[in-house]
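The values are calculated or read from the model by the stated rules, or taken from the named source; none is laboratory data. As the structure is a prediction and not an experimental result, all values here were calculated from the model. All Cβ positions, even for glycine, are placed from backbone atoms using ideal geometry, and neighbour counts span all protein chains on display. The area values use the complete protein model at the heavy-atom level, side chains included, leaving out ligands, DNA and RNA. Shrake-Rupley method; radii C 1.70, N 1.55, O 1.52, S 1.80 Å.
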Amino acid sequence: MNKFRSVIAATVFAATAGLCGTAVAANNIQLLVNGLAAPNGATPPGTQAFATWCGGVCFPTTHQPVHDPRTGQAKGAIYVWGKNFQFGAGGSLCFSEFIVFALDQGEIHVASGDLGTCGAPIDPLLKPPLHADKGALVVIGGGGDGAIVGGTGKYKKWTGTYTDRVFVGFGAPESGVGGIVYYDQLWFSISGK
């Protein structure tokens, strides 16, 4: 009988631990952007997280539709602000960005740290720019990482991280959106709970 009680107790403990683990497991959202850059004309979020991140020196960059990378289904849009652009050797570029993911069930707000998003030019013989007719001269490969800093709706209490990876077609500052002509395979992975 003691052996039976031990088996039952172990089973109850395992089931309880499994359910607790499920309750706090991270959710992962995958999103994809492809296409010409559009300017961000949105009003910045009226949150302390945005005000602290911006510090009065940020500016709007782009606004793009986002899609499910597996199905191609529209999932919402992103609104992006940037600051602290710094150029390094060989044309490398790093900066900080704040992104609002406006999705069906609410918004997710993310911020990279200072110089949290970086990229560098790729040899045009290896990856020639698309949309040369729109002013693209070079492809920059890069990405960024950061933290979830707020949200609304379903995502109001989310914490976690995000990562993005991308090829960006750049041109002269007067082309596209401040030189950003297009995004090619801009991929986002947002992990929150």
Practice item. Please work out if residue 42 is aliphatic (A, V, I, L, M), outside any strand (DSSP E or B), at pLDDT 95 or above and open to solvent by less than 70 Å² (accessible area, probe 1.4 Å). Key: yes
Check your understanding: Within segment 127-139, is even one residue within 23 Å of residue 83 (Cβ to Cβ) and either in contact with a Gly (Cβ under 9 Å, 6 or more places away or on another chain) or open to solvent by 60 Å² or more (accessible area, probe 1.4 Å) (or both)?
Key -> yes
Practice item. Would you please name the residue that is farthest from residue 44 (Cα to Cα), looking only at residues in segment 146-193 that are open to solvent by less than 30 Å² (accessible area, probe 1.4 Å) and of a type in the set (Asp, Glu)? Key: 184
Check your understanding: Between residues in segment 36-53 that are within 16 Å of residue 78 (Cβ to Cβ) and touching a residue at least 12 places away in the same chain (Cβ under 8 Å) and residues that are in a helix (DSSP H, G or I) and open to solvent by less than 30 Å² (accessible area, probe 1.4 Å), which pairs lie under 9 Å by C-beta distance while being six or more apart or on different chains?
Key -> 44/50; 44/54
Practice item. Look at segment 66-102 and say how many of its residues are farther than 17 Å from residue 113 by Cα, touching a Lys or Arg at 6+ places or on another chain (Cβ under 9 Å) and crowded, with 16+ Cβ neighbours inside 10 Å. Key: 3
